[in-house]
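What follows is one structure encoded as structure tokens, with my remarks underneath.
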Amino acid sequence: MNTPESILLVEDDPQIREFVSIALEGEGYEVHEACTASHGAAQAASIRPALLILDLGLPDRDGQSFIQDFRTWSSTPILVLSARTQENEKVKALDAGADDFLSKPFGVSELLARVRALLRRRQQPALDTAPIIQFGDFRIDCVRRIVTRRGKPLHLTQIEYRLLVFLAANPGRVFTHRQLLFQVWGSHAVENHQYLRVYVGHLRQKIEANPAQPEHILTEIGVGYRFQP
């Protein structure tokens, strides 16, 4: 007997959550539920679902921000369910790392068709990177979004955190300025290299023993940056 594929549903509206869960369970999927972004991240790290279905309007955090952080440590397909019907909202979610977008209200047949399509296309393994990243004296908990140095919390802004996690999750790989700008800020900022220089400088001040001679965030002159654990 085949083990049913697991789907994590992160949705704060109880009626929609029940509607979607019943539809998915009726097709034989194993459904796990969460009603906040923080609970959803913890569930994703624990159960490692084959698919994540996500509402953008969560009570504790915007869904687009959740997607960006989630993508630093997981390649699990994401299907967005949202009442936001404007084209730019869909583009933002897809640019952040979502795989598909379904506007509310929606029908069961279309929902199930999109789920089947995403599960067919998904890559294995579902998790590319451990939710915990360690280097030197630092430990990054990607689920709780906490960075510690020798066990003590390190305060980072949201942008600094995203930049650090993306680099640390891809050690040794050279990223161009454009790639980093797209991953951290989105498509609207890909030409503004000054953003990147400023935040790399801020991050070096917080994690490097000597920011003028960095050991972790290394400059590839004329190209971009490379992370050395």
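The values are calculated or read from the model by the stated rules, or taken from the named source; none is laboratory data. Given the structure is predicted, the values throughout are model-derived calculations rather than measurements. Glycine gets a Cβ as well: all are built from the backbone with ideal geometry, and neighbour counts include every protein chain shown.
Restricting attention to the range 1-23, and to residues there that are aliphatic (A, V, I, L, M) and in a helix (DSSP H, G or I), which single residue is surrounded by the most Cβ atoms within 10 Å (Cβ to Cβ)? So the residue we want is 20.
Selection of the range 131-172 for residues being within 24 Å of residue 224 (Cβ to Cβ) and in a loop (DSSP other than H, G, I, E, B) yields 136, 142, 154, 156, 157, 169, 170, 171, 172. Considering (1) crowded, with 18+ Cβ neighbours inside 10 Å; (2) among the small types (Gly, Ala, Ser); (3) at pLDDT 90 or above, the lone condition that residue 151 does not fulfil carries the number (1).
Of the residues 51, 58, the single one that is farther than 19 Å from residue 162 by Cβ and buried (at least 21 other Cβ atoms within 10 Å of the Cβ) is 51.
Restricted to the range 178-229, and to residues there that are among the basic types (Lys, Arg) and farther than 11 Å from residue 160 by Cα, the residue that is modelled with the lowest pLDDT is 178. Taking the range 24-115 and the helices (runs of 4 or more DSSP H) fully enclosed by it, the elements with 3 or more residues that are farther than 14 Å from residue 9 by Cα are at 63-70, 87-96. Take residue 166 and tell me if it is buried (at least 18 other Cβ atoms within 10 Å of the Cβ) and out of contact with any helix residue (DSSP H, G or I) (no Cβ under 6 Å at 6 or more places or on another chain). The answer is no for residue 166.
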